[in-house]
């Protein structure tokens, strides 16, 4: 396999101006990866600051309803309320080691922007976050949180004014400010080495979950489920299980249904294309133009997906399914009521899939769901949806 | 001799104009191209509109989106190249594109269609030399020059690797950033032109940020064989919606003014009439 490739996927499809920064990033990453001082400091931030390890919670009520043994990997309990901080602490510390003086990031729903603002504050690095203008209105509370954490939020008024345009804007900023700026990409997408860096920093989720389930059950789970937008929480929990005899299921945004144009299921319904620096699956038209996507969960509302997922789909190692907005909303309410845990709408997609499929496992079956984030950010939006509508 | 080589053999320095196909509309696009050539553009760079032009600043990005809203497809772009070819058989045309347009069509089909339409070169802005093996054989088979990009951040080793595959001319990116007008160009241009000049006999053209006659002069004085102007011309299209006579006149005036920068700055004691048109 070529460096930076996952099967045929991945690569570095970027303007020449960015190549020197990607080469520098790859070299630094190789170095800090081996550096005990880096590991020691990152461990400190993950344990003492962010609250790792996160629990693997056995859910009695959910298990009774689903007819198998159900565990939630509680990334919702990580500082900041989502798995995003695993990656932002890692990359912000790396930026420090590289001597960068400024962090930039993109954000859709605001979760990655908030996590970057937290890491920037903790590591004393100024943060600027690009956010689509539409999203700044939809997620006003997260804009306030980022500003409270000392970050500057820059609304992006170009294109569809959502996540993909925020990534475009951040890449443009990076091209112009390579020497002092680190672009803290929030998912396992983009050009090499970003997909690898993000996967490595997120793999702590799967490493812990694997150890925890072995301690608790004395064996590996039958199935691990995670939602997939760009795919960082999913690759983080899947990666340590890839060589095991464990079924892995990624759940994409089915939106209003896969037979409508309003969804974000790039693996289920996309085709192979180059987007934002990588070859992967992409929702595109016949000429190669990226399509507008839809999901009730802003974090899954994106036309492409990390290249490693593309490889795992083709090899059949991971099965990718889709869950509609209505199913996700139902799961959001269900988990809140049944377990007292309000999931992020993104994570509710994984829960919804479990509700649909768990019956197949049998009562001794073990199911692990990655609860990638908590749903406080979504409560106000869900409150506006009439009960009968979903 | 290819049309691009012929141009640089005949003229030095040359003026390269950039337009997005389908901006402001599919039909209007040819009138824009024709006006640019008639006003003195020596080589025309035609961009294929793309939904996510990350190497471009806001002015050119809006042009891409205007063209897409007008319904422009790659087929329309090839049709435009054919029209330009008929209007100005000697003016080289370079297609400027993001890679997914080529990937989606398949490089074999794309380069065959580009050649059949009469394009002379293709510049793929997001396909660095590491990935260019995917298109190289097809470009060669159809006699299309692959215009290489070198940035101020490109290391000397990468410059060598890039130049090994380059043909036609080399596009030097003047600054660290995206396309778009700037008040002044960075001071490092002469150094970049000089460093690349030592490594190749290909013509060198400088773009990104070049938007005023004095910028053109700076680039020429740095030793470049051509200048590329994009955003300054695209902005004129944006500023004249539905006003073809105004747009035409503004394009003509701007190109004539920018071209004056190609001529060396006259020494104060040299009489005006002795200046040579370039």
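The values are calculated or read from the model by the stated rules, or taken from the named source; none is laboratory data. Computed from a prediction, not measured in an experiment: that's the story for all the values here. We place every Cβ from the backbone using ideal geometry, glycine too, and count neighbours over all the protein chains shown.
When segment A:113-127 is examined, which residues are found to be buried (at least 24 other Cβ atoms within 10 Å of the Cβ) and in contact with a strand residue (DSSP E or B) (Cβ under 6 Å, 6 or more places away or on another chain)?
Answer for segment A:113-127, where residues must be buried (at least 24 other Cβ atoms within 10 Å of the Cβ) and in contact with a strand residue (DSSP E or B) (Cβ under 6 Å, 6 or more places away or on another chain): A:113, A:116, A:117, A:120, A:127.
Residues in segment B:94-110 that are in contact with a strand residue (DSSP E or B) (Cβ under 7 Å, 6 or more places away or on another chain) and free of Cβ contacts under 8 Å to residues at least 60 places away in the same chain: B:95, B:97, B:99, B:100, B:102, B:103, B:104. Counting only strands (runs of 3 or more DSSP E) that fall entirely inside segment A:234-300 and contain at least 3 residues that are closer than 30 Å to residue A:366 by Cβ, the qualifying elements are A:247-255. The single residue among A:145, A:161, A:172 that is within 14 Å of chain B (Cβ to nearest Cβ) and in contact with a helix residue (DSSP H, G or I) (Cβ under 6 Å, 6 or more places away or on another chain) turns out to be A:161. Would you check if residue B:33 is in contact with a strand residue (DSSP E or B) (Cβ under 8 Å, 6 or more places away or on another chain), surrounded by 20 or more Cβ atoms within 10 Å (Cβ to Cβ) and within 14 Å of another protein chain (Cβ to nearest Cβ)? Answer is no for this residue.
Look at residue B:129 and say whether it is surrounded by fewer than 24 Cβ atoms within 10 Å (Cβ to Cβ), within 10 Å of chain A (Cβ to nearest Cβ), under 20 Å from the mean Cα position of the chain (by Cα) and over 29 Å from residue B:88 (Cβ atoms). For residue B:129, the condition - surrounded by fewer than 24 Cβ atoms within 10 Å (Cβ to Cβ), within 10 Å of chain A (Cβ to nearest Cβ), under 20 Å from the mean Cα position of the chain (by Cα) and over 29 Å from residue B:88 (Cβ atoms) - is met. Listed conditions (1) touching a helix residue (DSSP H, G or I) at 6+ places or on another chain (Cβ under 7 Å); (2) part of a helix (DSSP H, G or I); (3) under 24 Å from residue B:155 (Cβ atoms); (4) modelled with pLDDT of 95 or more are all met by residue A:182, apart from (2). Here residue B:178 meets each of (1) buried (at least 24 other Cβ atoms within 10 Å of the Cβ); (2) more than 14 Å from chain A (Cβ to nearest Cβ) with one exception, condition (2). Residue A:138 passes every criterion in (1) within 14 Å of residue A:84 (Cβ to Cβ); (2) more than 17 Å from the chain's Cα centre (by Cα) apart from (1).
Residues in segment B:59-71 that are in contact with a helix residue (DSSP H, G or I) (Cβ under 9 Å, 6 or more places away or on another chain) and facing chain A (nearest Cβ under 9 Å): B:61, B:62.
Would you mind finding the one in B:140, B:161 that is in a helix (DSSP H, G or I), touching a strand residue (DSSP E or B) at 6+ places or on another chain (Cβ under 9 Å) and over 23 Å from residue B:63 (Cα atoms)?
Going through B:140, B:161 in turn, the sole match is B:140.
Looking at B:140, B:161, B:115, just one residue is within 14 Å of chain A (Cβ to nearest Cβ) and surrounded by fewer than 23 Cβ atoms within 10 Å (Cβ to Cβ), and that residue is B:161. Screening segment A:175-207 for residues that are within 14 Å of chain B (Cβ to nearest Cβ) and under 12 Å from the mean Cα position of the chain (by Cα) and picking the one that is farthest from residue A:25 (Cα to Cα) gives A:189.
Go through segment A:1-34 and give me each residue that's part of a loop (DSSP other than H, G, I, E, B), away from chain B (no Cβ under 14 Å) and surrounded by 15 or more Cβ atoms within 10 Å (Cβ to Cβ).
A:7
Within segment A:152-179, the set of residues being in a strand (DSSP E or B) and closer than 23 Å to residue B:181 by Cα comprises A:154, A:155, A:156. Residues that are within 14 Å of chain A (Cβ to nearest Cβ), closer than 22 Å to residue B:214 by Cα and either modelled with pLDDT of 95 or more or part of a helix (DSSP H, G or I) (or both) within segment B:181-196 comprise just one, B:192. The single condition among (1) surrounded by fewer than 23 Cβ atoms within 10 Å (Cβ to Cβ); (2) farther than 21 Å from residue A:254 by Cβ; (3) free of Cβ contacts under 8 Å to residues at least 24 places away in the same chain that residue A:288 does not meet is (1). Apart from one condition, residue A:274 fits all of (1) buried (at least 21 other Cβ atoms within 10 Å of the Cβ); (2) touching a strand residue (DSSP E or B) at 6+ places or on another chain (Cβ under 8 Å); (3) more than 14 Å from chain B (Cβ to nearest Cβ); the exception is (3). Can you find a residue that is buried (at least 24 other Cβ atoms within 10 Å of the Cβ), part of a helix (DSSP H, G or I), touching a strand residue (DSSP E or B) at 6+ places or on another chain (Cβ under 9 Å) and at pLDDT 95 or above anywhere in segment A:60-71? Checking segment A:60-71: at least one residue is buried (at least 24 other Cβ atoms within 10 Å of the Cβ), part of a helix (DSSP H, G or I), touching a strand residue (DSSP E or B) at 6+ places or on another chain (Cβ under 9 Å) and at pLDDT 95 or above. Quick check on residue B:53: is it over 15 Å from the mean Cα position of the chain (by Cα), closer than 26 Å to residue B:175 by Cα and buried (at least 24 other Cβ atoms within 10 Å of the Cβ)? Against the criterion (over 15 Å from the mean Cα position of the chain (by Cα), closer than 26 Å to residue B:175 by Cα and buried (at least 24 other Cβ atoms within 10 Å of the Cβ)), residue B:53 qualifies. Within segment A:171-185, the set of residues being touching a residue at least 12 places away in the same chain (Cβ under 8 Å) and either closer than 15 Å to residue A:15 by Cα or touching a strand residue (DSSP E or B) at 6+ places or on another chain (Cβ under 6 Å) (or both) comprises A:171, A:173, A:174, A:175, A:177, A:178, A:180, A:181, A:182, A:183, A:184.
Looking across segment A:85-112 at every residue that is over 21 Å from the mean Cα position of the chain (by Cα) and under 14 Å from residue A:25 (Cβ atoms), the one that is surrounded by the most Cβ atoms within 10 Å (Cβ to Cβ) is identified as A:100. Of the helices (runs of 4 or more DSSP H) lying entirely inside segment A:304-390, those containing at least 2 residues that are modelled with pLDDT of 95 or more and touching a helix residue (DSSP H, G or I) at 6+ places or on another chain (Cβ under 6 Å) are A:307-315, A:325-339, A:345-357.
For residues in segment B:76-102 being within 14 Å of chain A (Cβ to nearest Cβ) and farther than 18 Å from residue B:144 by Cα, which is surrounded by the most Cβ atoms within 10 Å (Cβ to Cβ)? My answer is B:100. Just one of (1) in a loop (DSSP other than H, G, I, E, B); (2) under 30 Å from residue A:24 (Cβ atoms); (3) in contact (Cβ under 8 Å) with a residue 12 or more places away in the chain fails for residue B:154. It is (3).
If the condition is being buried (at least 23 other Cβ atoms within 10 Å of the Cβ), in a helix (DSSP H, G or I) and touching a helix residue (DSSP H, G or I) at 6+ places or on another chain (Cβ under 6 Å), then segment B:197-230 contributes only B:216. All conditions but one from (1) over 17 Å from the mean Cα position of the chain (by Cα); (2) on the phi > 0 side of the Ramachandran plot apply to residue A:80; the one that does not is (1).
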